[in-house]
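Input: a single structure, listed below in structure tokens.
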Amino acid sequence: MAKVNENYLKLPGSYLFSTIGKKVAAYQGANPDRKVIRLGIGDVTQPLVPAIIQAMHEAVDEMGKAETFHGYAPDLGYGFLREEIARSDYRERGCQVDADEIFVSDGAKSDCGNIQEIFSQDSRIAVCDPVYPVYVDSNVMAGRTGEYDKEREVWSNVIYMPCTAGNRFVPELPQECPDLIYLCNPNNPTGTTLTREQLKVWVDYANRTGAVILYDAAYEAYIAQKDVPHSIYEIEGARTCAVEFRSFSKNAGFTGVRLGFTVVPKDLWRDGVALHGLWARRHGTKFNGAPYIVQKAAMAVYSQEGKAQLKDQVAYYMNNARVIYEGLREAGYEVYGGVNAPYIWLRAQEGMSSWDFFDWLLEKANVVGTPGSGFGPSGEGYFRLTAFGTYESTVEAVERIRKLRRE
Ligand code: MLT
């Protein structure tokens with residue numbers, strides 16, 4: 001008889017954003033007349049920019065003619081896109097990354113979740129706390145995280161690196177030695193960042209100890225400050241210790257289109273093996289390539305028009321971030337992030353847990369956010385709002401929260 005992967009049974013509850021979705025749907029079902037504003041999951045609201053739409057239309061037309069039809073895409077990505085990424089995202093920033101070190105995929109979430117497969121079963125992971133839940137959950141599924149302590153909401157075999165206002169959201173080097181270190185910069189969920197200097201500490205540490213940094217740069221397009229790196233490969237030594245994940249979801253509105261890529265440098269070896277070859281083998285076996293239409297659409301992200309239109313789109317969301325940040329700070333909330341990232345991290349109303357605050361805002365202000373504790377125990381008492389709403393709904397949400405605080 002078939003047996004299930006028992007590691008799945010260890011996972012507490014459902015995926016964070018599914019839980020929130022169900023709660024909101026139940027509330028909306030019971031209160032159909034209320035206008036609920038969703039600033040929970042970091043999903044974009046602005047349409048694809050014209051340059052991208054045009055590229056997609058052209059690609060669709062190509063697919064309709066025998067001479068220009070495309071079947072399976074190359075499993076690692078079309079050469080035209082890999083070359084463009086290597087040039088625009090890396091070489092122009094002074095980073096040495098070659099086109100054949102880039103693996104195009106259906107998004108950074110899949111790659112962040114799948115990367116653990118190429119590492120040994122007994123690898124010890126270190127994560128920031130709070131953390132994007134995919135890093136931990138994918139390792140739970142693989143049976144790497146030990147037992148779950150319900151009281152403390154931690155896994156026995158995971159190294160947690162608390163990031164709170166107390167340490168200005170900068171993780172400290174762990175006492176125990178991890179094999180895999182997940183870093184997200186700019187950070188989801190706190191919206192805070194590591195500077196080049198702070199990231200160098202991690203690169204040096206990983207090279208010294210043999211750990212690998214799994215670096216999630218999905219939000220790099222939102223960086224405004226000069227000392228925050230757009231890529232880990234801006235840091236000397238990163239090619240021998242880091243894998244980088246990138247996404248088109250947040251910089252180009254592809255959350256519903258799906259496209260991302262992962263960089264595995266050829267200089268990254270562990271155990272006498274090049275990780276590049278392992279990831280290529282995995283990708284080739286389990287992935288049949290991102291759609292031609294989508295990869296052509298991504299090319300428009302790098303065109304002159306595309307760049308200008310996306311700059312405006314990012315500025316639109318960052319204006320929302322400013323509205324939330326300033327509006328809540330003026331109302332007396334303690335707020336973080338929102339300067340180099342589309343997330344605002346705030347301290348919940350005095351005396352409330354993250355989930356109490358979630359329920360309170362949903363019921364009294366009809367505003368949805370994400371409870372900080374859903375991202376890890378150090379997120380307790382905090383709350384995340386996304387800047388990906390429309391400007392009008394963002395302004396209204398902030399006004400409703402301010403009003404509630406005054407009452
Ligand atoms: C989030 O809200 O944290 C993100 O939208 C999730 C994701 O990008 O998968």
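The values are calculated or read from the model by the stated rules, or taken from the named source; none is laboratory data. None of these values were measured; they are calculated from a predicted model. Cβ placement follows ideal geometry from the backbone for every residue including glycine, while neighbour counts extend to all protein chains displayed. Note: accessible area is taken over every heavy atom of the protein model, side chains too, but ligands, DNA and RNA are not part of it. Shrake-Rupley method; radii C 1.70, N 1.55, O 1.52, S 1.80 Å.
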By a straight-distance test (C-alpha under 19 Å), which lysines pair with Lys311 as possible cross-link partners, with residues fewer than eight away in the same chain excluded?
-> Lys226, Lys250
Most positive-pole-ward Cα, Ser156, Phe254, Ser105, against dipole of the range 53-302 from beta carbon charges = Phe254
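May I ask for the longest run of the chain untouched by chymotrypsin sites (Phe, Trp or Tyr not before Pro) that are loop-located per DSSP and have at most 13 neighbouring C-beta atoms (other than their own) within 10 Å? Present the calculation step by step, with values, prior to reporting the outcome.
Numbers: sites that count: Tyr15, Phe69, Tyr72.
Excluding the exposed sites themselves, the longest stretch runs over 73-407.
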Starting from the Cα of Thr209, step 7 Å along the direction of its Cβ; do the same at Asn157; then give the gap between the two resulting points in nm.
-> 1.7 nm
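Return the carbon/sulfur percentage of the accessible area of the range 167-245, one whole number, probe 1.4 Å, all protein chains in place. Don't skip to the end; give the middle numbers.
Details: 1280 of 2840 Å².
Heavy-atom surface of the range 167-245 belonging to carbon and sulfur, 1.4 Å probe: 45 percent.
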Ignoring ligands, DNA and RNA, what percent of the 1.4 Å accessible area of the range 258-407 is carbon and sulfur?
-> 51 percent
In angstroms, what radius of gyration and Dmax does the range 1-101 have, counting Cα atoms only?
-> 22.3, 56
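Within the range 233-310, report the trypsin sites (Lys or Arg not before Pro) that DSSP leaves as loop and that have at most 16 other Cβ atoms within 10 Å.
Values: sites: Arg239, Arg246, Lys250, Arg258, Lys266, Arg270, Arg281, Arg282, Lys286, Lys296, Lys307; in loops: Arg258, Lys266.
Those satisfying the criteria are Lys266.
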Per its Cα gyration tensor (rounded if a/c is under 1.5, else prolate when a/b beats b/c, else oblate), the range 287-336 is best filed as oblate
Inter-label distance, nm, simple model (7 Å from Cα along the C-beta direction), Arg405/His57 | 4.5 nm
Within the range 49-95, trypsin sites (Lys or Arg not before Pro) in DSSP loop having at most 12 other beta-carbon neighbours inside 10 Å | Lys65
Restricting the count to DSSP beta bridges whose residues both fall in the range 53-302, what percent are antiparallel, rounded to a multiple of 5?
-> 40 percent
In the range 170-219, GluC sites (Glu not before Pro) in a DSSP loop with at most 14 other beta-carbon atoms within 10 Å | Glu172, Glu176
Given a 1.4 Å probe, how much area per residue of the chain is accessible, in Å²?
-> 44 Å²
For the range 53-302 (alpha-carbon point model, no solvent) the Debye-based log₁₀ I(q)/I(0) at q = 0.10, 0.13, 0.14 Å⁻¹ works out to -0.48, -0.81, -0.93
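Using only DSSP helix segments of four residues or longer, with each worth -39500 (n - 2.57), what per-residue ellipticity at 222 nm results for the chain after dividing by its residue count and rounding to 500? Please list the in-between numbers first.
Working: 13 runs with 146 residues, N = 407.
Here the helix-only value at 222 nm equals -11000 deg cm²/dmol.
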Enumerate the aspartates and glutamates that Lys296 could reach by cross-link, defined here as Cα to Cα under 16 Å, with residues fewer than 8 away along the same chain left out.
-> Glu58, Asp61, Glu62, Asp75, Glu83, Glu84, Asp106, Glu305
If you average the sequence gap of Cα pairs under 8 Å that are 6 or more apart and divide by the length of the range 54-128, what percent do you get for the contact order?
-> 22 percent
